[in-house]
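The values are calculated or read from the model by the stated rules, or taken from the named source; none is laboratory data. Please read these numbers as outputs of a predicted model, since none were measured by experiment. Because the Cβ atoms are built from the backbone with ideal geometry, glycine has one as well, and the counts that use them run over all protein chains shown.
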């Protein structure tokens, strides 16, 4: 029985970090965490592009453009959607998640999902380098692991 699992290997990979400017006090630390994870795992700083969009709703469309460029081995999508008093949160968070999942599936390029969906700014801060770690770091590691996994699976097809 064959078993496959990815390892976060970044050497030789080109990665886009796509981030929402809305709630930038949260998303900036997520971006910093993602870049730190990528470089510590071998991605050269010159092989990382950071792309900013206005809000989480714009992430899926921008992801599709980046993925269609065929320049990247992986993409890390970051944002922070904070619940308010209206249903706006549900639409933005849901469409961002759905759109990013579809973009990744359609392209076949690994996408690390780091869009926070929190009830409060405090909860978001805890996930952007606070008590719950840095979800930007986690999303970057996931993207590298899946890129390595895809490489293994494709190599298995060639044998």
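Answer yes or no: is there a residue in the range 28-36 that is surrounded by fewer than 18 Cβ atoms within 10 Å (Cβ to Cβ) and under 9 Å from residue 136 (Cβ atoms). Yes, because at least one residue in the range 28-36 is surrounded by fewer than 18 Cβ atoms within 10 Å (Cβ to Cβ) and under 9 Å from residue 136 (Cβ atoms).
Inclusion of residue 83 among residues that are in contact with a helix residue (DSSP H, G or I) (Cβ under 6 Å, 6 or more places away or on another chain), surrounded by fewer than 22 Cβ atoms within 10 Å (Cβ to Cβ), more than 23 Å from residue 146 (Cα to Cα) and touching a residue at least 12 places away in the same chain (Cβ under 8 Å) is warranted. Just name the residue that is nearest to residue 126 (Cα to Cα) out of those in the range 58-76 that are free of Cβ contacts under 8 Å to residues at least 60 places away in the same chain and outside any helix (DSSP H, G or I). So, considering only residues that are free of Cβ contacts under 8 Å to residues at least 60 places away in the same chain and outside any helix (DSSP H, G or I), the one nearest to residue 126 (Cα to Cα) is 72.
Taking the criterion of being within 27 Å of residue 39 (Cβ to Cβ), part of a strand (DSSP E or B) and touching a residue at least 60 places away in the same chain (Cβ under 8 Å), would at least one residue in the range 102-112 satisfy it? Within the range 102-112, one or more residues are within 27 Å of residue 39 (Cβ to Cβ), part of a strand (DSSP E or B) and touching a residue at least 60 places away in the same chain (Cβ under 8 Å).
The sole residue among 99, 79, 136 that is assigned to a strand (DSSP E or B), at pLDDT 95 or above and either under 19 Å from residue 32 (Cβ atoms) or out of contact with any strand residue (DSSP E or B) (no Cβ under 8 Å at 6 or more places or on another chain) (or both) is 79. What about residue 64, is it in contact with a strand residue (DSSP E or B) (Cβ under 6 Å, 6 or more places away or on another chain), over 17 Å from residue 13 (Cβ atoms) and at pLDDT 95 or above? No; evaluated as a whole, the condition is false for this residue. Do we have any residue at all in the range 25-44 that's closer than 28 Å to residue 120 by Cα, at pLDDT 95 or above and over 16 Å from the mean Cα position of the chain (by Cα)? Checked the range 25-44: at least one residue is closer than 28 Å to residue 120 by Cα, at pLDDT 95 or above and over 16 Å from the mean Cα position of the chain (by Cα). For residue 22, the requirement of being under 22 Å from residue 130 (Cβ atoms) and at pLDDT below 95 is not met. Residue count for the range 128-147 under the criterion of being buried (at least 24 other Cβ atoms within 10 Å of the Cβ) and free of Cβ contacts under 8 Å to residues at least 40 places away in the same chain: the result is 0. Scanning the range 41-57 for residues that are in contact (Cβ under 8 Å) with a residue 12 or more places away in the chain, in a helix (DSSP H, G or I) and either out of contact with any helix residue (DSSP H, G or I) (no Cβ under 9 Å at 6 or more places or on another chain) or surrounded by fewer than 20 Cβ atoms within 10 Å (Cβ to Cβ) (or both) turns up 47, 57.
Across the range 1-19, the qualifying residues are those that are at pLDDT below 95 and more than 16 Å from residue 110 (Cβ to Cβ), and the one among them that is farthest from the chain's Cα centre (by Cα) is 1.
Exactly one residue among 67, 75 is more than 12 Å from the chain's Cα centre (by Cα), over 30 Å from residue 1 (Cα atoms) and crowded, with 20+ Cβ neighbours inside 10 Å, and that residue is 67.
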